[in-house]
Amino acid sequence: MPLHSLSPISQTAVLGLWHLTEPAEELWPLLPAQAHYLARFPQGRDELRARQWLAGRVLAHQLLRELSDASAALHNDENGRPYFPELPACGVSLSHSGEWVAAVLSTQEAVGIDIEMIRPKAKKLAHRVLAESELANAGDDAVKYCLYWSAKETLYKLHSRRGLVFKEQLLLSPFELREAGVLTGHLLLENSRSQHQIHYSQPSPGYILTYTIGEMVSQ
């Protein structure tokens, strides 16, 4: 079982990484409530995306067992965010890229997570999602462009509302790139503003991971 790591990030939250090497046939037996997931299995996806989907749910249940003895099955709300209906206070977020699957779960707070392979695509599409100040801060650094992209995805998943404009409503303060650190994200809504800490690291060469566990300062 290629479970890479389970890392407590607070007293009520845990983060997990899965190194995806096995076929779907080896992932299915690891899932509880198989009939539930079989009915929701995304038909028509290519083999890799199907395996990522399965591994994400296996990992979510691994995290849940770290924090709770409750029996639950993962659903998706109208915005696509995963949740456990049996545990209304529980926040869960999933992400995958290439051979890595990531998840974060909190028994008490909303959460967001994203993992990205570092690719030129992030820089090519940056003008669609980055504000002018963010473009200036990223400069020519491909890793920074990917990190900006990932952090905004994490903030978007935390709020989970369709229609947010990434370059106007999901903003990041300028930062100096390190191997790991914390970014300050700003969520600007029609009637409120909030500030969030977004943690980042490079869990494997060529990949960026970002997550937040719902810490918020209203403005």
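Please find, in a Gaussian network model of the chain (springs between Cα atoms separated by less than 10 Å), the residue of LEU158, LEU177, LEU64 whose mean-square fluctuation is greatest.
LEU177
Could you give the angle, 0 to 90 degrees to the nearest 10, between helix 142-159's Cα long axis and the longest principal axis of the Cα atoms of the chain?
60
What distance in nm separates the simple spin-label points at ARG161 and HIS4, each placed 7 Å from Cα in the Cβ direction?
3.2
Restricting to Cα pairs below 8 Å that are 6+ residues apart, what does the relative contact order work out to for the chain? Please round to a whole percent.
16
Between GLU78 and ALA35, take the C-beta separation as r, use R0 = 30 Å, and let me know the FRET efficiency to the nearest 0.05.
0.85
Using Cα atoms only, what is the angle between the long axis of helix 47-67 and the major principal axis of the chain, expressed in degrees (0 to 90) to the nearest 10?
Between the helix axis and the principal axis of the chain, the angle is about 80 degrees.
Run the numbers on region 96-219 and let me know its relative contact order in percent, using alpha-carbon pairs under 8 Å that are six or more apart.
Averaging sequence separation for qualifying contacts and normalising by length gives 28 percent for region 96-219.
From largest accessible area down, sort TYR148, TYR211; use a 1.4 Å probe on the protein chains.
So, going from the largest accessible area down, we get TYR211, TYR148.
If you count, for each residue, the other Cβ atoms within 10 Å and average over each peptide, how do 134-140, 98-104 line up from highest to lowest?
Ranking the peptides 134-140, 98-104 by packing returns 98-104, 134-140.
Using a Cα-Cα cut-off of under 17 Å, which aspartates and glutamates could be cross-linked to LYS167, ignoring same-chain neighbours fewer than 8 residues away?
Counting by Cα, and skipping residues close in sequence, LYS167 has these aspartates and glutamates nearby: GLU132, GLU134, GLU153, GLU190.
Between ARG128 and GLN43, what FRET efficiency follows from the Cβ-Cβ distance if R0 is 22 Å, with the result rounded to 0.05?
0.15
Of LYS157, LYS152, LYS124, LYS167, which has the most accessible area and how do the rest follow, probe 1.4 Å?
From most exposed to least exposed: LYS124, LYS167, LYS157, LYS152.
The values are calculated or read from the model by the stated rules, or taken from the named source; none is laboratory data. Because the structure is predicted, anything quoted here is derived from the model rather than measured. Glycine gets a Cβ as well: all are built from the backbone with ideal geometry, and neighbour counts include every protein chain shown. Remember, those area values only see protein heavy atoms, side chains included, never the ligands or the DNA or RNA. Shrake-Rupley method; radii C 1.70, N 1.55, O 1.52, S 1.80 Å.
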